[in-house]
1. Can you give the relative contact order of segment B:3-241 as a percent, counting alpha carbon pairs under 8 Å and 6+ residues apart?
2. Tell me what the protein assembly as shown gives for mean residue ellipticity at 222 nm when only DSSP H runs of n ≥ 4 count, each as -39,500 (n - 2.57), the sum divided by the residue total, rounded to 500 deg cm²/dmol.
3. First measure r as the distance between the Cβ atoms of A:E139 and A:R272, then evaluate 1/(1 + (r/R0)^6) with R0 = 56 Å and state the FRET efficiency to the nearest 0.05.
4. Rounded to the nearest 5, what % of the DSSP beta bridges within the protein assembly as shown are antiparallel ones?
5. Local charge sum around A:F63 (other residues, Cβ-Cβ under 10 Å, Lys/Arg +1, Asp/Glu -1)?
6. Compute a Gaussian network model of chain B, connecting alpha carbons closer than 10 Å, and tell me which residue from B:L45, B:L194, B:L165 fluctuates the most.
7. Can you give the accessible area buried between chains A and B, summed over both chains, with a 1.4 Å probe, in Å² to the nearest 100?
8. Would you mind telling me the share, in percent, of accessible area of the protein assembly as shown contributed by carbon and sulfur at probe 1.4 angstrom?
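The values are calculated or read from the model by the stated rules, or taken from the named source; none is laboratory data. Everything numeric here is computed off the predicted structure, so don't read it as measured data. Cβ placement follows ideal geometry from the backbone for every residue including glycine, while neighbour counts extend to all protein chains displayed. With ligands, DNA and RNA removed, areas are computed over all heavy atoms of the protein, side chains included. Shrake-Rupley method; radii C 1.70, N 1.55, O 1.52, S 1.80 Å.
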Amino acid sequence: MNMQGWGRYPVIDAEVHTPGTKEDIQALFDTTAVGMTPRGLGRSYGDSALGDHILSTKRLNHFLEFDATTGLLHCEAGISLSEILTLFVPKGWFLPVTPGTQFVTVGGAIASDVHGKNHHVAGCFCDHVEHLDILLDPERIIRCSPYQHPDLFHATCGGMGLTGMIIAAAIRLKPIQSAFIDQTTFKARNLEESLNLFEIHAAAPYSVAWIDCITGGPSLGRSLLMTGDHATKGSLIPGKNARIGLPLDMPSILLNRYSILAFNTLYYHRIRKVSVQSHVHYEPFFYPLDSINDWNRMYGKNGFTQYQFVVPKDAGRKAMPVILKTIVDAGKGSFLAVMKAFGKQNNNLLSFPIEGYTLALDFKIEPELFPLLDRLDAMVHDHGGRVYLTKDSRMSPSTFRSGYKTWTRFQELRMNYSALGRFRSHQSTRLGLE
Amino acid sequence: MQNILIIGATSAIAEATARLYAADGANLYLMARNEDRLKIIAADLKIRGAASVATAGFEANDLDSHQNLIERAHKSLGSFDIVLIAHGTLGIQKVAESDIEETIRELQTNAMSTIALMTRLANMMEKQRQGTLAIISSVAGDRGRPSNYVYGTAKAAVTTFCEGLRARLCKSNVHLLTIKPGMVDSPMTAGMELPGILLAKPEQVAKAIVTAIKKKTDVLYTPWFWRFIMLGIIHMPTSVFKKLSL
Ligand SMILES: Cc1cc2nc3c(=O)[nH]c(=O)nc-3n(C[C@H](O)[C@H](O)[C@H](O)COP(=O)(O)OP(=O)(O)OC[C@H]3O[C@@H](n4cnc5c(N)ncnc54)[C@H](O)[C@@H]3O)c2cc1C
Ligand SMILES: NC(=O)c1ccc[n+]([C@@H]2O[C@H](COP(=O)([O-])OP(=O)(O)OC[C@H]3O[C@@H](n4cnc5c(N)ncnc54)[C@H](OP(=O)(O)O)[C@@H]3O)[C@@H](O)[C@H]2O)c1
């Protein structure tokens, strides 16, 4: 059947298997020799969760154990972050790290070693994983952690499903007193102010900026920075998950320069004061887009890609203005432009975050887009940065290798654990990671 | 708090239903033949909020074991507020056409074992004078179609049995629900090429089952539009129907 990532580009024909038990997965090994691709909820944008034989974790969706005194949750890999929140927020627990959508699986969050608005203080998702069970082949399901099979652990966390199929994991939830967030929004008039704001608010538990990618000149890089922390007041009600749908593929014409311009200007001018405080539920704070079902169809039938890069901190002040200016001048900027300052890098071989600044924005797929992204790749490379694998559908093998210098160690490990060729994806083939 | 027995508890539809009752804080007693999987499901339901979860191994075609199993479940729960029977197999019609053993096995698993269970459960529930017996039959039992008439025959037997038993149990205040799902995205249909828009999620079917039990519905078509699809199929003249390859 036709399968695609969240960006709806590319689309490939794949066979999808939905094993319910370890035994089912093991049986698949006997019939499938060409390599398998684990897949969670398909929220990665590009071709990371695509392959000829997809192993869906849809039926690996059981909670295994919960320790109500420590908050340690042991669950199967197909459990979604949304299910965890619905069940555990009322009991006073929250995810230690969450990406910008709750509709991802635990397996997907580990495989991409996802980050959230608290990366600068809390690190990545896998920094809160106590241990995980990975299936390598019919004979081997290995429990690994920073202390048990650490090499396999650090390759699997952020390893994009290329070391094996994650079956289950134990994550440390964090205690909260309220389902609400005390949020403060700050206004920055240009890029310099935006970067300064991140430094001023380095101690804020959560921070992220929405940046205007259309307006150039003296206002280049103007943004709204949102900081937040879990409130101490308010009830522990979970999200409503109330969602509205987009009826049809929205014509991509809706996303022309002017509608984006209107959106961004509106967004920016909504805030008149220098800072505004509010008390909001965690859903709109962390998952503003989850309230619209299938918003990815907004970019039309050809799909879109999200370009997310990071540049090291010391290069940031030089790199960000030139890269942003290139984006603004190209005039293809998106609806979504999110900026964040990352904290320290962890030990996982292919984890994306390095200490520095990251920017993520959407581009509608069109032929002229690819040369622009190649140019951005070159600039990111020149400043010692890298591009996020879980968003990527088009980077070249050389861009990948220059961004992720530890890729050779990653390949060695895959060889040692016989994962080479056995677990692969459309993306790994494209990047020369056979 | 409701006391609920689920037979064939590893079925996708049964599990989705159990999750809804677990969230409600029910006491659950689960029977299924794959006990490893049953253990995982039981732990999950407990975390999802079930007040208690007990399990037992169950082979549908070992009819002699049923009485003892049901009695143990009844003792453990104290009463049966709801009993859901969900086990079943969708054999390969083509195989059954040339293999009598396969045909008999399909009838055995999908009709005989269910009828045997219902017979025993009915007597216990009649004594309780309360509760719901919910049986998963299928729209396939509404009319024999060339693509699955062996399975359809078994489900037709179950549906007809339910019809009669309902009228008997009604007099003792026991509710009987016949559940007729259309096509459901479960392991039973995995690998089959089915039209996406007609394919329901087990969660969707589970919601409908819980509502029907609450409202004491007699016959549930789920999703609802199958009532109308089947109406069309049932009323098609045989002279036309026999020429189709439905
Ligand atoms: C609106 C939106 C906002 C987002 N915000 C953020 C953000 O703030 N930060 C961030 O880091 N990411 C973000 N993402 C990206 C998303 O968090 C990741 O792509 C995540 O990996 C998706 O999880 P999934 O379950 O959908 O996995 P899929 O997309 O199905 O798979 C992603 C990768 O994980 C692998 N994988 C999945 N399950 C397993 C398993 N059981 N075992 C081994 N490998 C597996 C796949 O092979 C694939 O390589 C966002 C995505 C969207 C759509
Ligand atoms: N899926 C559909 O499209 C559909 C449509 C209409 C009606 N139905 C009916 O819905 C019910 C549930 O099916 P489902 O869709 O949830 O499929 P499922 O997940 O495949 O469930 C079938 C269950 O029956 C169990 N089972 C089969 N033979 C058994 C035996 N001899 N002894 C004990 N248990 C046995 C299976 O156990 P194992 O896991 O151990 O194999 C499994 O748990 C069935 O009665 C089915 O006929 C399904």
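1. Taking the mean separation of contacting Cα pairs over the length of segment B:3-241, I get 18 percent.
2. -10000 deg cm²/dmol
3. That pair, A:E139 with A:R272, gives E of 0.30.
4. If I count the DSSP bridges inside the protein assembly as shown, around 65 percent turn out antiparallel.
5. -2
6. B:L194
7. Adding both sides of the contact gives about 1100 Å².
8. Taking all protein chains in place, the protein assembly as shown shows 56 percent carbon and sulfur surface.
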